[in-house]
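Quick notes on the structure that follows.
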């Protein structure tokens, strides 16, 4: 393996990584053996396909994958070893040449990086910085705690809808029945949540999905249909089709609350 770095501007570099069969050969053989074990090819029992056929069918793709992976990992290791601070990600360069994975065994991969510019701040005793003291009141504390629990808490079963639970419901209007539909109260305005508050598992109620979800994409997701499916989610659709009534909240995971 050979790695060469070329400066192409004040904050741009190319990293050329050349890998040979000695670098990626073992991984190629390992991958081909896995293909041989799993390959389902007519005329051969599972695991009994000759390696020659496996190489003919998958060899080129495996060599391309493993050689690139080896070169990419080497580029990252080089940047870490040389302590080169870069912005964004390491990307393939436009100067990358073509590959002959059918005949060649050595390949050069060209990557491009944007180097982080050096920033030197010279501060003196005359420089002043503002230090703000933020008073954390109870509302800020409660809002932060609620948001943290919502993001990182765990879902548990609940028997009653109290505020912003995730509901699993069955929608039924006589013509259409949608089991295990998801209704997320957390994304709804407080006014739209009110009809659900206080309902228990197994409760029955009527809702108009056109009023509940004014966005066609949201209605489609709730009804488990495609957004462009005729007559399913249009706000102009007759009530018997688009406004499915939630007849029953039946799932044992009907209302789930995030708890600490």
*So, by mean Cβ neighbours within 10 angstrom, what's the order for 93-105, 206-218, 158-170 with the highest one leading?*
158-170, 206-218, 93-105
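Sort 2-12, 173-183 for me by packing, meaning the mean count of neighbouring Cβ atoms within 10 Å per residue, highest on top.
Values: 2-12: 12.3, 173-183: 14.3.
The packing order, highest mean first, is 173-183, 2-12.
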*Most exposed first by the Cβ proxy, i.e. fewest other Cβ within 10 Å, how do 196, 152, 109 rank?*
152, 109, 196
_Please compute, for the alpha-carbon atoms of the stretch 1-139, the extent along each of the three principal axes and give them in descending order in Å._
82, 50, 23
_Convex hull volume per residue in cubic angstrom - Cα atoms of the stretch 1-65_ = 96 Å³
*asked:* Can I get the semi-axes of the stretch 29-104's equivalent ellipsoid? Compute them from the C-alpha gyration tensor as square roots of 5 times the eigenvalues, in angstrom, largest first.
replied: 35, 14, 9
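Contact order normalised by length for the chain, with contacts defined as Cα pairs under 8 Å and 6 or more residues apart; what percent is it?
Values: 370 pairs, mean separation 47.4, N = 260.
This gives 18 percent for the chain.
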*Can you give the convex hull volume per residue for the Cα atoms of the chain, as a whole number of Å³?*
309 Å³
*Rounded to whole Å and sorted largest first, list the principal axis extents of the Cα atoms in the stretch 126-204.*
77, 25, 22
*Estimated 222 nm signal from helices in the chain, with DSSP H stretches of n ≥ 4 weighted -39500 (n - 2.57), rounded to 500*: -10000 deg cm²/dmol
*Which distance in Å, rounded to a whole number, links the C-alpha centroids of the stretch 151-226 and the stretch 75-91?*
47 Å
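Taken together, the values in this text are just the output of simple stated rules run on the coordinates, not laboratory data. Keep in mind it's a predicted model, so treat the numbers as computed, not measured. Using ideal geometry, Cβ is built from the backbone for each residue, glycine included, and neighbour counts are taken over all protein chains shown.
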